[in-house]
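**Student:** The structure follows.
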Amino acid sequence: MIAHSLASEAVMRGLASKLGRDVEKWGMAGLLHDLDVEVTNAEPTVHGTQTELLLKDFEVDPEILDTIRMHNECSSGKERCTEFQHALAAGETITGLIFATTYVYPDKKLASVKPKSVVKRMKAKAFAASVSRENIMECEKIGIPLPEFAALAVESMLPIAVELGL
């Protein structure tokens with residue numbers, strides 16, 4: 001979970017930088033998005049909803065908390081409506097697909113993962129069951145085509161690949 005959160009932070013920072021958004025805010029959402037997994041046992045209908053309670057004693061931007069709440073469509077019952085919400089859903093989900101790609105090919109390191117292979121695995125639905133195709137496609141709602149999004153995600157994760165065990 002820690003590696004996934006760090007990877008999500010890196011991807012969200014990359015997205016924010018590309019889109020000219022607040023890198024710190026977007027990175028924080030990526031880092032904290034799964035904070036409540038242990039509390040909720042990752043139960044899809046509540047995952048994302050407990051983070052606010054866990055952070056109640058800290059001053060956290062309400063937009064970050066709202067975006068975290070919305071990153072899992074099962075927990076909110078609402079459609080995502082902001083660029084930030086679409087970005088977090090896509091950004092944190094593609095990290096799962098990239099991790100799955102490297103685990104399927106354990107001899108590969110992240111530096112050798114090709115964005116085309118990530119896109120191919122997604123289109124073929126050849127990835128971890130927890131990776132939602134619909135969430136990854138949220139990248140198109142923020143104006144980034146899937147191949148470009150996959151490349152940005154891999155590139156964003158490369159500086160911390162060793163730390164991630166990739």
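The values are calculated or read from the model by the stated rules, or taken from the named source; none is laboratory data. None of the values given here were measured: they were computed from a predicted structure. Positions of Cβ are backbone-derived with ideal geometry, glycine not excepted, and every protein chain shown enters the neighbour counts.
**Student:** Could you count how many residues in segment 48-94 are polar (S, T, N, Q), within 21 Å of Lys18 (Cβ to Cβ) and either in contact with a Phe, Trp or Tyr (Cβ under 7 Å, 6 or more places away or on another chain) or modelled with pLDDT under 90 (or both)?
**Tutor:** Counting residues in segment 48-94 that are polar (S, T, N, Q), within 21 Å of Lys18 (Cβ to Cβ) and either in contact with a Phe, Trp or Tyr (Cβ under 7 Å, 6 or more places away or on another chain) or modelled with pLDDT under 90 (or both) gives 2.
**Student:** Among the residues of segment 132-147, write down those that are in a helix (DSSP H, G or I) and either without any contact (Cβ under 8 Å) to a residue 40 or more places away in the chain or surrounded by fewer than 18 Cβ atoms within 10 Å (Cβ to Cβ) (or both).
**Tutor:** Arg133, Glu134, Met137, Glu140, Lys141, Leu146, Pro147
**Student:** With the requirement that a residue be within 22 Å of Glu134 (Cβ to Cβ) and of a type in the set (D, E, K, R), what does segment 20-74 give you?
**Tutor:** Within segment 20-74, Asp34, Asp36, Glu43, Asp66, Arg69, Glu73 qualify.
**Student:** Next up: Taking only segment 30-59 into account, find how many residues are crowded, with 17+ Cβ neighbours inside 10 Å and over 19 Å from the mean Cα position of the chain (by Cα).
**Tutor:** Number satisfying all stated conditions: 0.
**Student:** Same structure again: Among the helices (runs of 4 or more DSSP H) confined wholly to segment 1-41, which include 2 or more residues that are out of contact with any Leu (no Cβ under 8 Å at 6 or more places or on another chain) and touching a residue at least 40 places away in the same chain (Cβ under 8 Å)?
**Tutor:** Answer list for segment 1-41: 2-19.
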